[in-house]
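The values are calculated or read from the model by the stated rules, or taken from the named source; none is laboratory data. The model shown is predicted, which means the values in this text are computed figures rather than measured ones. Every residue, glycine as well, gets a Cβ built from its backbone with ideal geometry; the counts of neighbours run over all protein chains shown. Side chains are part of the model used for accessible areas, which takes the heavy atoms of the whole protein and leaves out ligands, DNA and RNA. Shrake-Rupley method; radii C 1.70, N 1.55, O 1.52, S 1.80 Å.
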Amino acid sequence: MSRIGKLPIEIPSGVTVEINDQNVSVKGPKGEDSLKVTNNLELELNEKELLVKIPETYTKAQNIDHGLYRSLINNMVVGVSEGYSKTLLIEGTGYRANKQGKNLVMNLGYSHQVTMADPEGIEVEVPNDRTIIVKGINKQLVGQHAANIRNWRKPEPYKGKGIRYANEYVRRKEGKTGK
């Protein structure tokens, strides 16, 4: 049995969970989300917790699904109650970002500006020209959009220029030595 799958999902106050024929809907103060769960699993909703169960005799695939769907449902509950965010930092001379309506506009050393539209359900904030904050209720979409922004200019190891996550460590290399 999956160690992650056995853990109950605690439902905070202000969040409602509905189960309709293997479809889980979660509503909270930040929004709502839903997920279709495989038929191999049973969902049991108590007052303040949700349990994901598998049969006594289970296959390896059912065991994998057990932990996966428990994590996905837990991420939905956390997303609609607290939300997710990723902070990106921009380093480099002339590198900066700003917000124009629903578009993120970045100067990253290219001959043109890079413009990225905010996907639906994702909010991008630019508190200053060197910081980008990606927020939303879906953990996967927040992480993917932050990764898409970072891919425009990954941090390089010699001067550390580029876009990095706030908690990311960039291992620096020594440059060439002249004789």
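Do any strands (runs of 3 or more DSSP E) entirely within region 76-170 hold 3 or more residues that are surrounded by 14 or more Cβ atoms within 10 Å (Cβ to Cβ) and of a type in the set (A, V, I, L, M), and if so, which?
Per the criteria, 84-91, 103-107, 122-128, 131-136.
Which condition from (1) among the small types (G, A, S); (2) open to solvent by 40 Å² or more (accessible area, probe 1.4 Å); (3) touching a Gly at 6+ places or on another chain (Cβ under 9 Å) is the one that G175 breaks?
Of the numbered conditions (1) among the small types (G, A, S); (2) open to solvent by 40 Å² or more (accessible area, probe 1.4 Å); (3) touching a Gly at 6+ places or on another chain (Cβ under 9 Å), the odd one out for G175 is (3).
Looking only at region 35-45, which residues are under 18 Å from T16 (Cβ atoms) and touching a residue at least 24 places away in the same chain (Cβ under 8 Å)?
Selection gives L35, V37, L43, L45.
So which residues in region 167-179 are touching a strand residue (DSSP E or B) at 6+ places or on another chain (Cβ under 9 Å) and either β-branched (V, I, T) or modelled with pLDDT of 95 or more (or both)? Talk me through it step by step, then tell me what you get.
We begin by selecting, within region 167-179, every residue touching a strand residue (DSSP E or B) at 6+ places or on another chain (Cβ under 9 Å); these are 167-168, 170.
V170 - this is the single residue of region 167-179 that is touching a strand residue (DSSP E or B) at 6+ places or on another chain (Cβ under 9 Å) and either β-branched (V, I, T) or modelled with pLDDT of 95 or more (or both).
All but one of (1) under 20 Å from the mean Cα position of the chain (by Cα); (2) open to solvent by 70 Å² or more (accessible area, probe 1.4 Å); (3) within 15 Å of V80 (Cα to Cα) hold for V24, so report the exception by its number.
Among (1) under 20 Å from the mean Cα position of the chain (by Cα); (2) open to solvent by 70 Å² or more (accessible area, probe 1.4 Å); (3) within 15 Å of V80 (Cα to Cα), V24 violates only (2).
Exactly one condition in (1) more than 29 Å from E123 (Cα to Cα); (2) without any contact (Cβ under 8 Å) to a residue 12 or more places away in the chain is false for E18; which is it?
(1)
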